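See structure below.
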Amino acid sequence: MNDMKTVVKRLALVPLLAIAVACPGDKKKDTAAIPVDTAKPDTTKLAVNDTTPTDLRNVPSNLPKPAPDTFHKQNLRPSGGIGPTTTSSFAEAPTPLMDAVQREQSATRFCFTEFGQKADPSLRGNVAMVVTIGNGGITDARVGDAKWSSASVGRSVNRCLDQKAKQAWNVAPGAVKPGRYVVQLSFTGER
């Protein structure tokens with residue numbers, strides 16, 4: 001039993017011995033022998049920014065031909081929650097509303113990028129947003145209809161649009177006549 005304790009004590013000293021051997025105090029003396037670069041750089045050979053315009057049309061490239069675009073924008077008719085076959089009588093969005101949508105497109109782009117493209121980089125789609133305008137501005141904005149290249153991923157984008165659009169789009173009170181309007185959004189991989 002005592003022999004075992006002695007062995008354990010000796011083994012506990014092994015890491016301390018390794019540290020003492022690995023870190024001798026005389027290493028500080030050797031730092032003086034390390035060479036130091038004291039040469040100054042030659043500033044005469046530095047490149048000057050060339051601001052001469054260049055015609056890039058004449059630069060040869062080895063890019064493959066572009067693939068044909070198979071995406072076609074569809075103008076959707078939101079059902080308004082009344083029924084799947086009912087056509088809507090919502091008016092197209094007036095200019096002040098479309099200006100607000102354009103001005104705050106980062107909110108809709110966020111939904112498409114974060115909830116759509118991260119799950120499916122080739123995602124494309126069209127969304128018809130039903131926007132309700134009251135006397136004080138936008139009171140509601142919801143996805144009325146949507147067509148996505150991937151329906152399951154598109155549903156995630158739709159949920160985000162339902163949450164973000166009403167908060168992001170701001171129309172001045174009285175700028176748009178109260179009512180329900182359709183805002184058509186189209187999403188592709190292009191930025």
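Computed values, structure above
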{"quantity": "Residue match in the stretch 92-107 (condition: in a strand (DSSP E or B), open to solvent by 30 Å² or more (accessible area, probe 1.4 Å) and in contact (Cβ under 8 Å) with a residue 60 or more places away in the chain)", "calculated": "yes"}
{"quantity": "Subset of the stretch 6-27 (residues that are at pLDDT below 65 and open to solvent by 100 Å² or more (accessible area, probe 1.4 Å))", "calculated": "Lys27"}
{"quantity": "Qualifying positions in the stretch 121-142 - part of a loop (DSSP other than H, G, I, E, B), in contact with a Ser or Thr (Cβ under 9 Å, 6 or more places away or on another chain) and either surrounded by fewer than 17 Cβ atoms within 10 Å (Cβ to Cβ) or of a type in the set (Val, Ile, Thr) (or both)", "calculated": "Ser122"}
{"quantity": "Residue check for Ala172: of a type in the set (A, V, I, L, M), surrounded by fewer than 20 Cβ atoms within 10 Å (Cβ to Cβ) and not in a helix (DSSP H, G or I)", "calculated": "yes"}
{"quantity": "Condition broken by Gly154, with the remaining ones in (1) in contact with a Gly (Cβ under 6 Å, 6 or more places away or on another chain); (2) open to solvent by 40 Å² or more (accessible area, probe 1.4 Å); (3) closer than 10 Å to Val127 by Cβ satisfied", "calculated": "(2)"}
{"quantity": "Which listed residue is acidic (Asp, Glu) and modelled with pLDDT under 70, from Asp55, Asp30, Asp99, Asp3", "calculated": "Asp30"}
{"quantity": "Failed criterion for Val157 (all others in (1) modelled with pLDDT under 90; (2) within 18 Å of the chain's Cα centre (by Cα) hold)", "calculated": "(1)"}
{"quantity": "Cβ pairs under 6 Å, 6+ apart, first in the stretch 140-164 and over 20 Å from Glu104 (Cα atoms), second of a type outside the set (A, V, I, L, M, F, W, C) and surrounded by fewer than 19 Cβ atoms within 10 Å (Cβ to Cβ)", "calculated": "Lys147/Gln74; Ser150/Asp120; Val153/Asp120"}
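The values are calculated or read from the model by the stated rules, or taken from the named source; none is laboratory data. Keep in mind it's a predicted model, so treat the numbers as computed, not measured. Every residue, glycine among them, receives a Cβ derived from its backbone with ideal geometry; neighbour counts consider all protein chains shown. Ligands, DNA and RNA are excluded from the accessible area calculation, which covers all protein heavy atoms including side chains. Shrake-Rupley method; radii C 1.70, N 1.55, O 1.52, S 1.80 Å.
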